[in-house]
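The values are calculated or read from the model by the stated rules, or taken from the named source; none is laboratory data. Just so we're clear, the structure is a prediction, and the values are computed from it rather than from any experiment. Heads up, the Cβs are rebuilt from the backbone with ideal geometry, glycines too, and the neighbour counts pull from every protein chain shown. Accessible surface is based on the protein model in full, side chains and every heavy atom, while ligands, DNA and RNA are left aside. Shrake-Rupley method; radii C 1.70, N 1.55, O 1.52, S 1.80 Å.
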Amino acid sequence: MNTVTDQSPDQSPDPSTAPATEPAPLPRPIWGRHLLVLAVIAVVLVPLPLLLPPNTQAVAVRVLIFALMAVGWNIMSGFGGMFSFGHAAYFGLGAYVSVWLLVNHGVSPWIGLLVGMLVAAAFATLIGFLALRYRLKGAYFALSTFAFAEMLRLLAINSDFVNRAVGYNVPLRPEFSLAFMQFAPGSPAYFWIALGLTVAAIAVSILFLRSRTGRFLVAVRDDEDAAAAVGVPVMRTKLVTMALSAAVTSVAGTFYAQYYFFIDPDVAFGSSVSIQAILPAVIGGVATIWGPAIGALVLGPLNDVTATLLRNPPAALSFLEGRAGLDVIVYALLLILIVLLLPQGIYGALRDRWRRR
Amino acid sequence: MRKTWIAGLALALPLALAACGGSTPPGTAGAGGATKAAGEAIKIGSLHPLSGSSAADGQQMDNAAKLAVEAINAAGGIKSMGGAKLELLSADSQGKPEVGQSEAQRLIQEGAVSIVGTYQSAVSQNVAAVAERNKVPFVIDVSSADAILAQGYKYSFRLQPSGTVLAEDGAQNLFDVSKAAGKPAKKIAILHEQGPFGTAIKDTFSKKAQSLGMTIGPVASYDAASVSDFTTQMAAVKASGSDVLMVAGYYRDGVLVANAVKTVKPGVNAVWGVANGAFDVPTFPGEVGAAGEGFFDSNYHLDGTNPDTQALMKTYQAKYKDQIRTAAVLSYDAVRVIADSLERSGSADPTKVRDAIAQTNLKSLIASKGPITFGPTGENEGAAPILMQVQSGKVVQTFPKEFAQTAPRYPATPAS
Amino acid sequence: MSLLEVRNVSRSFQGLKAVDDVSFDVKEGSILGIIGPNGAGKTTLFNLVAGAITPQAGTVTLDGRDITGFAPHKVAQAGMVRTFQLMKPFGSVSVLENVAVAAMAAGTSRHDASKAAAQIVERVGLGRWRDLQSSGLPTAGLKRLELARALAVRPRVLLLDEVLAGLTPTERAPVMELLEALRAEDGVTLVFVEHIMAAVMRLSDSVLVLDQGRVLMSGSPQEVTSDPRVIEAYLGQEPTDVAT
Amino acid sequence: MTEQIPSATAPTVAEGEGHTSSPRLWARVPWTRVAIGVGFFVVAIALAYLRAGNGDVVRQAVLTGILIGGVYGLVAMGLTLIFGVLDIVNFAHGAFLAVALYITVTMVSRLGVNPLVALFVAVPVMFLLGAGVQRFVLAGAMGKPLENQLLITLGLALLIDNVLLMSFGPNPQSVKLPGDTGVQIFGAVATVSRLLAFGVAIVLAALLYVLLQRTRLGTAIRAVAANEAGAQLVGIDTRRIYMATFAIGTACAGAAGVLVAPLVTIEPTTGELFNIIAFVVVVLGGMGNVIGALVGGLIIGLTEQLGALYFPGQSPLLSVFVVFVLVLFLRPQGLFGKAS
């Protein structure tokens, strides 16, 4: 359905092996329809928290946070083909900047959200510039992003400025307030805000892909030299992409802090955060518009499902009850199987099927 | 072809399962499980790291909470509520704050009138906020960070002594014991893990020690998750001429410290753990052998002189073929505190249970200076660390006198 | 004044002189063919002129403006565009999108870029393939796509690196006609590297012969082909379509 | 523009021109780089002296740094081989190491043997495990994008950790090397177990080097690392080479596991300790370069220990990452890789 993605980013086509038979035509990009679908989904999902049992709502919000992180990651690493293993840096900056402003200066998290986006974008531009200036590629690029995220974590642990390893509690307010993004426990407002932010992020990624820079980006991903040769400013395209990707992911960090009320360097900058940004995108389909959201929809509840199943196993499996670690084993097995059997991700596999019809 | 099937399945399966697995059983829906029909068990949530790097402690704590529930039910349940039985809902935090948070949410939805947990401070921070917002009492068995109760939460209570108490008493114990031995501690080298726990202990301990007239020697921090050797730090301690080495850390790094002490022989009078995760653990002397002989730890600890505690230790050993640790005894105590409060309130309404917990006055199975009573912030006012020492390959209680199984041996130059 | 002036350009790799003190001029609206045996440094010369490699010495001037050491995209924006001997399509997108991106890079608005791209795609004869994914094109199609993409930038100078190599003689003819039309109708200046002598003879106004990184000679196609030095340089060299 | 750097373990294949004659070790040592490196460390040590003001501490830091560095190198060797040949960032390496730790624990506690005897079991078992994992799990991900491989190896690590947790329980265990006492070296002390681990690391590096340089299998592995398509053209079964390489890499993790067993507390997650540092070492040494991994390990070990002297309040890891980023930017091919 979308023209950007038939190939994984780093497979450059080899003309000598190009099939002589004519490939199926690619459908024209239909950005308008993507936006329409998005709007319909958003409207359909609005009443969800009123229908879901209350404890499932926490899972729904977690799904949306996952989706938000993965949509951000996907902009840079999927559409842009620049594999980041350090998106924790941006998530953490979003979380820390907004909470620091809130706790120390009483600034509303909504403003913190914007400031966090700016800081994350600036940081991404800086490290992006360094990594591109020194022409890091592939695994080396990924490891450099990882190293920067780790350095932020270590700096946070060792800086009095941000409370060292203790981190921050978001203060509970006596009254609930939209201005300070704090509502009654179980309030649907959390879901609605997360939904709004996620829908906005997906819309941004659609509009970005449609934009001049977004189309440059795909060209740069497919062949950097050729893009430069026709006048595409490669460096600027990549930096804008990284900044946008970082800004989107930082929103997830800000919301996370307001929803979970607590951050510390590991929660914000730990490598598991970077992995959480990658997982949904890969499971759902890298470099697709809908992949990250679909991946989050599958992964978000998976942990709870395996844990619940093994807590009250069906009679046949009752000997497994209470074996600690088993739920994680099932989770890991499912993860490996999905990645092996669906290398294009769930959405990618479904889309290929539709196309072949 | 095949791929579509798999994709469809991968998409549908978790969603379908989430729909059934996640929904609450009818009858317990509604926030906080307000009132219970007669005969229905009263649910208590136990939230601990059952997997991940702290699984050893987490599983013990969950086991001990189960034992407590069994013991209370065997003794007739909650008598003021017609002998109502307790039921423990176990949950795995995986040591991750966000998992802990959503599991706490789930336990509350499933009707837990109170939650016991959680070991890691980062997880407890999250769960405390959830408990506060849902108005369900949260009894912290283990988690030392002062910040958890510094938020002014009304629904969180802590059994173990706070970091401040641990560190200050640790310095005081050092002062008392070394002075009584005629070799007052003068210069203290400090080795601490760089997380919130080790950093807070270091800060408070240094202040207190200085106010007692000691000086602080070299201070070194380390990352507990990745450190693999301490010989350089130990050489620095040796070179500094410090007479005591204070260590605030966890189990794995504690073992490395012991090995480095044995190798370098820093020549201190004592290795002094403060709330150390290794030096008072029963498996520690066996793991490091002679290297750990004489190590001190000023820490909260189960009371080996209390017959009730001894009975619990025996029961645990018999049932789980393992030596019960202090953390697990605290979980046991936490369930006792909740049962006692249910008894006094005669109601399973979480807010009433909370008020009853605030009025607790119960003898602890942990060595403490008084019964469990909660102060205005929810700290256990009876909680206090005691001094343990590794003597002849065993961890024994040595100070203060009322808990001493034998006298402290000071100086205890290690690995000599 | 010539449109493109290359003066004393040199570049060596690990002590090996790939391009050594090469100079040439190209007048506006003319066609320069560059020939030479394998390893003569033709592609390196292209890379130096187009900015993919920075020369260690010498200057490149386009329409009086010194563009030496410009990044490739700046060179393109200045009006000089190159194609690649080994075709480099934007493989994941359609033929039309390949060309539209190039048009946008030259400053055309998104809306106009699609229209311009459609025209160019028709002109190079890729019309019926415009919606195909470009990585699936056969070699002849990819060669045309290289050309189409370069044209979308509306260049004043076009640097073509073996656009005819790998094509059958019947496929070559329309491409050569197209190149002639570009000069005649659009006034585009062409510099092309080519092995196929018939094409060089037919298209070029003048020819530059490279050998071992240096200019062996330059002159009209007739002068060059009859020069004994050129014949000697090619002697003992297997005729092949693949350059280094 | 920049070509993919040919792996440095495969110089005879990668080098087009120049010395194709007998590859003597001394002739290939990049002497200038070694000299610069040694110079750096002399300065670093001198600074440490000024900062610590005490010779004993610095001597201990250097000795400890070298010995720990040997262990890092040991762990990184298998990883670098896999990285260089299969192009896979293997996050399960630490988990494989943990398997070897538990093999050692089990043998010592059940059979009462010297922990080193476990080498004879752990290495072949891990070799087979590695071959199996490559054949049945990773083979399906070869040539797939980086992120797919990353997630599969992460999943494997999670799986192995938790299988160990279920099988052996969460309680920490330990292994004792008989006669493991402190030894004085230049006024610093080291334990026998560390010296042993260091010594075996060097022997293992030498063995791997010989394997890669002097055997048919090694030549084939280097050929695949340098140019997969070319290797296929000359009739090398690349799938077999992938399997063999992954198996050898995993066997290295097995050997490392046995050797570090006396040095660490053994828990299901112990292997994760080494993962991050091992990656840093691999990049530092140049991916695919076994000798580079050993030297990289030494550099990281020294950086960590001397860094702790410079900045006692800061995490030693911070200096490790600073060095890592500098190397990435200035020599992305690694200290011992070839310039492009």
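Tabulated data
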quantity	calculated
Convex hull (Cα only) mean projected area of region A:140-278, reported in nm² to one decimal	10.6
Mean projection area, nm², convex hull over Cα of region B:301-369	5.2
Accessible area, probe 1.4 Å, largest first, for residues D:Val234, D:Val295	D:Val234, D:Val295
Averaged over D:161-169, number of beta-carbon atoms from partner chains that fall within 10 Å	6
Estimated buried accessible area (total), pair A and D, 1.4 Å, Å² to nearest 100	4000
Debye, to nearest 20: dipole size of region D:54-330, +1 on Lys, Arg Cβ, -1 on Asp, Glu Cβ	580
Interchain or long-range residues, amide H under 5 Å from A:Gln182's placed H	A:Ser177
Average beta carbon contacts from partner chains per residue of D:56-64, 10 Å cutoff	6
Ellipsoid equivalent to region A:41-121 - semi-axes via the Cα gyration tensor, in Å	25, 21, 11
Normalised contact order of chain D, rounded percent, pairs of Cα under 8 Å and 6 or more residues apart	37
Expected-Rg normalisation [2.2 N^0.38 Å, Cα atoms] applied to region B:35-178	1.13
Of all accessible heavy-atom area on the protein assembly as shown, the percent that carbon and sulfur account for (1.4 Å)	61
At R0 = 51 Å, FRET efficiency that the Cβ-Cβ distance of C:Asp205 and A:Leu130 yields, to 0.05	0.60
Which of B:Gly277, D:Pro316, A:Pro188, positive extreme of dipole for the protein assembly as shown (C-beta unit charges)	B:Gly277
At 0.890 mPa s and 25 °C, Stokes diffusion of chain B via Kirkwood alpha-carbon radius, µm² per second	110
Region C:91-154 - charge dipole about Cα centre, Lys and Arg +1 at Cβ, Asp and Glu -1, debye rounded to 20	140
Value in Å of the Kirkwood radius, where the protein assembly as shown supplies the Cα pairs that are averaged	33.9
More than 16 angstrom apart: percent of Cα pairs within region A:254-304	51
Loop sites in region D:135-242: trypsin sites (Lys or Arg not before Pro), DSSP, at most 15 other Cβ within 10 Å	D:Lys176
Kyte-Doolittle at least -0.5, axis length at least 15 Å by Cα - qualifying DSSP helices, chain C	C:95-105, C:139-152, C:169-181
Under-5 Å amide H pairs with D:Thr191, H placed in peptide plane, nonlocal only	D:Val183
Spherically averaged projected area of chain C from its Cα convex hull (nm²)	12.9
Accessible area that becomes buried as A packs against C, both chains, 1.4 Å probe, Å², nearest 100	3100
Nearest 10 degrees, 0 to 90: helix B:326-345 Cα axis against chain B principal axis	40
Mean Cβ neighbour count within 10 Å, used as a protection proxy, ranking C:194-204, B:293-303, D:122-132 highest first	B:293-303, D:122-132, C:194-204
Descending semi-axes in whole angstrom, ellipsoid equivalent of region C:143-244, from the Cα gyration tensor	25, 16, 13
Descending semi-axes in whole angstrom, ellipsoid equivalent of chain A, from the Cα gyration tensor	32, 27, 21
Rounded tilt (10° steps) of B:196-211 against the dominant C-alpha axis of chain B	40
With Cα atoms, 0 to 90° folded angle of helix B:163-180 axis to chain B main axis	30
Once exposed loop GluC sites (Glu not before Pro) are cut out (DSSP; at most 11 other Cβ, 10 Å), longest piece of chain D	D:18-340
Computed P(r) (all Cα pairs; region C:91-154; 10 Å bins; percent)	27, 59, 14, 0
Neighbour net charge for D:Leu318 - beta-carbon separation under 12 angstrom, K R +1, D E -1	-2
Selection of trypsin sites (Lys or Arg not before Pro), region B:41-107, meeting DSSP coil and at most 16 other Cβ within 10 Å	B:Lys85
Relative contact order of chain B, pairs being alpha-carbon contacts under 8 Å that are 6 or more residues apart, as %	17
³J(HN,Hα) computed for each position of region B:367-378 - Karplus, 6.51 cos²θ - 1.76 cosθ + 1.60, integer Hz, glycine/proline x	4, 8, 8, x, x, 6, 9, 9, x, x, 8, x
Dmax and Rg, reported as Rg then Dmax, of chain D (C-alpha, Å)	19.9, 61
Dipole axis of the protein assembly as shown (+1 Lys, Arg; -1 Asp, Glu on Cβ), positive-most option in A:Pro265, B:Ile190, B:Ala128	B:Ala128
Nonlocal amide H pairs with B:Ala84, under 5 Å, H built at 1.01 Å	B:Ile78
Highest-fluctuation residue, B:Gly286, B:Gly100, B:Gly254 considered, GNM on chain B with Cα pairs under 10 Å	B:Gly286
Under 21 Å from the Cα of C:Lys143 - lysines, other chains or at least 8 residues apart	C:Lys42, C:Lys88
Assigned charges on the beta-carbon of Lys, Arg, Asp, Glu; region D:85-231 dipole about Cα centre (debye)	340
Sequence-distant lysines (8 or more away, or on other chains) whose Cα lies within less than 18 Å of A:Lys137	A:Lys238, D:Lys144, D:Lys338
Accessible area of region D:54-330 divided out per residue, in Å², using a probe of 1.4 angstrom	32
Sequence-distant lysines (8 or more away, or on other chains) whose Cα lies within less than 19 Å of B:Lys352	B:Lys36, B:Lys43, B:Lys79, B:Lys85, B:Lys135, B:Lys154
Listed pairs B:Lys183/B:Lys394; B:Lys187/B:Lys208; B:Lys186/B:Lys369 exceeding 18 Å between Cα atoms	B:Lys183/B:Lys394; B:Lys186/B:Lys369
Solvent exposure of chain B as accessible area per residue, Å², 1.4 Å probe	34
Helix-only CD estimate at 222 nm, as mean residue ellipticity for chain A, using -39500 (n - 2.57) per DSSP H run (n ≥ 4)	-22000 deg cm²/dmol
Average partner coverage of C:99-112, which counts Cβ from other chains inside 10 Å	4
B/A buried area, accessible surface, summed, 1.4 Å probe, Å²	4000
